[in-house]
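First up is the structure itself, then whatever we jot down about it.
Readers should treat all values here as calculations from the given coordinates under stated rules, not as data from a laboratory. Source: prediction; values computed, not measured. Please note: Cβ atoms are built from the backbone with ideal geometry, for glycine as well, and neighbour counts cover all protein chains shown.
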Amino acid sequence: MTLIKSISGIRGTIGGAVGDNLTPIDAVKFAAAYGAWVKQQRQKENYRVVVGRDARISGEMIQNLVMNTLVGMGIHVIDLGLSTTPTVEVAVPMEHADGGIILTASHNPKQWNALKLLDAKGEFLNAAEGAKILAFADADDLTFSDVDSLGEITTNDAYIDMHIDEVLDLDLVNKAAIENANFKVVVDGVNSTGGIAIPLLLERLGVHAVKLYCEPNGHFPHNPEPLKEHLTDLSQAVIDEGADFGIVVDPDVDRLAFMDENGEMFGEEYTLVACADYVLSKTPGNTVSNMSSTRALRDITEKHGGSFEASAVGEVNVVNLMKQNNAVIGGEGNGGIIYPELHYGRDALVGVALFLSLLAEGSMTVSELRASYPSYYMSKKKIQLTPDLDVDGLLKAMEDKYAHETLTTIDGVKIDFENSWVHLRKSNTEPIIRIYTEAPSQNEADSLADTIISEIQAIANI
């Protein structure tokens, strides 16, 4: 079993030994470290933190531990209960809070849970601030409040509705066109909080929602990562219901994927492409995604006269580059839509509303929409290395080998060819290099990955 500490929070499996898993003691320790960081950051009399969770089985236990630890530090807690990651992100500034915590392990299976940490803007922490929290967690001098200075817990279960209100108030969400289109959509909520939020949003938009696995009981009916091989039930339901398309989200509702009317995947990478196409058609500007996301976003952005930039992998890196470039939309190829008009965080609710607006105004099927975009195919592989090998040296050797191509080295090595690319990244936890490629066909993407692997093996003599 596993406990992973990172700048964005703490993630681990439930049960087992302290320090090796996400036990109650580890949850308390890390919540206290976050509370100490909040108090150091803000330096004021009263502190407020928003806390919400997805529906996984361990969520209520972990949330109670986290909230009462914050209370013990003199911090007032706004308890959203069952919620979504983007809902908590929206709630933090609306509550004028000092930060937020989401209890979710995103797409990980049910035995996992995590504390995702937000700053006072409702955004994920940068590396420097995350490192401070890790330092607090390793210290032995955390201080708690006396009995007269304890915090309080206030429950507010209205924030999913309030989040939907904010989405529907966006200028680009064409409520009238969506309602007139009479869409029928199957929703796979993976028995988590997407099963609450997405059907509510669709109902407000006049869309007929057929619910599939929308009971928020935390018993995931399939692997919760929204990939094609996990979604055979959704594919069949779309066909059986004669639906216009299907929607699937991950347990905390920050990743979004669609299935067309034929039960075929629209492509998780193309969620952002479609939403960006719509936004750019109304508000021309720039876009950002990470270096391992599809080149199709660049193509669509340039078609609309904008500029595309790629960041290092990680939501906080995407957000920082979006702010620098005044991007009108951005995100990640894993189905994460970031629309700054609402907030700087991946948000499946915003993605659904923008996608519906695009479909309604374009009067086309989902398969027709997908066929209108450039087609790229990805390969994702890895190469196992022995611990004694110099991974940085191997990446530098590949950089030198392809110095005549367009290179980006802010996050490993990315090599852009005319019609394809390869991104090489080292793992922070094990001696492997991850190899992502994209090309106009699956065979070409796989072949490029295999070629790069062979070249690395030759350099390393393995």
Are there GluC sites (Glu not before Pro) in region 379-448 that DSSP marks as loop and that have at most 14 other Cβ atoms within 10 Å, and which are they?
Glu405, Glu418
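Helix-only estimate, please: 222 nm mean residue ellipticity of the chain, summing -39500 (n - 2.57) across DSSP H runs of length 4 or more and dividing by its residues, to the nearest 500. All intermediate terms of the calculation are to be shown ahead of the outcome.
On the way: 15 runs with 178 residues, N = 462.
Counting only the DSSP helices, I get -12000 deg cm²/dmol.
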Phi to ³J(HN,Hα) by Karplus 6.51 cos²θ - 1.76 cosθ + 1.60 over region 397-411, Hz, x for Gly, Pro:
5, 5, 4, 5, 4, 10, 4, 7, 9, 6, 10, 10, 10, 6, 8
So what's the Cα pair-distance distribution over region 56-122, bin width 5 Å, in %?
4, 17, 28, 26, 17, 7, 1
So what are the three principal axis dimensions of region 215-343 from its Cα atoms, in whole Å, longest to shortest?
43, 28, 25
How do Met61, Met259, Met291 line up, fewest other C-beta atoms within 10 Å first?
Met61, Met291, Met259
Taking the number of other C-beta atoms within 10 Å as the exposure measure, put Thr283, Thr85, Thr294, Thr408 in order starting with the fewest.
Thr283, Thr408, Thr294, Thr85
Per DSSP, loop chymotrypsin sites (Phe, Trp or Tyr not before Pro) in region 406-462 with at most 11 further Cβ within 10 Å:
none
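Report the net charge of residues surrounding Tyr270, where surrounding means a beta-carbon distance below 11 angstrom and charges are Lys +1, Arg +1, Asp -1, Glu -1.
Local charge sum for Tyr270: -3.
If the viscosity is 1.002 mPa s and the temperature 20 °C, what translational diffusion coefficient in µm²/s does Stokes-Einstein give for region 3-157 when Rh comes from Kirkwood over Cα pairs?
So the translational diffusion coefficient is about 143 µm²/s.
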Check each of the GluC sites (Glu not before Pro) in region 99-162 and keep only those in coil by DSSP with at most 11 other C-beta atoms within 10 angstrom; list them in order.
Glu152
Can you sort Glu225, Glu89, Glu45 by how many other beta carbons sit within 10 Å, fewest first?
Glu45, Glu225, Glu89
Using +1 at the Cβ of each Lys and Arg and -1 at the Cβ of each Asp and Glu in the chain, identify which of Val77, Leu3, Cys214 lies farthest towards the dipole's positive end.
Leu3
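To the nearest 20 debye, what charge dipole does the chain have about its Cα centre, counting +1 at the Cβ of each Lys and Arg and -1 at the Cβ of each Asp and Glu? Write down the numbers at each step before the final one.
On the way: 35 positive and 67 negative charges, 111 e Å.
Here the size comes out at about 540 debye.
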Tally Lys/Arg at +1 and Asp/Glu at -1 over every other residue whose Cβ is under 11 Å from the Cβ of Thr301; what's the total?
-1
Assigned charges on the beta-carbon of Lys, Arg, Asp, Glu; region 163-371 dipole about Cα centre (debye)
420 debye
Amide H to amide H under 5 Å from Tyr47: which residues, 5+ apart in sequence or cross-chain, H placed 1.01 Å off N in plane?
His76
Which of the pairs Lys282/Lys323; Lys39/Lys382; Lys116/Lys303; Lys303/Lys380; Lys110/Lys381 have their Cα atoms more than 31 Å apart in this structure?
Lys39/Lys382; Lys116/Lys303
Could you derive backbone 3J(HN,Hα) for region 137-145 from the dihedral phi with the Karplus parameters 6.51, -1.76 and 1.60 (θ = phi - 60°), listing whole Hz in sequence and x where the residue is Gly or Pro?
5, 8, 7, 10, 10, 5, 10, 10, 7
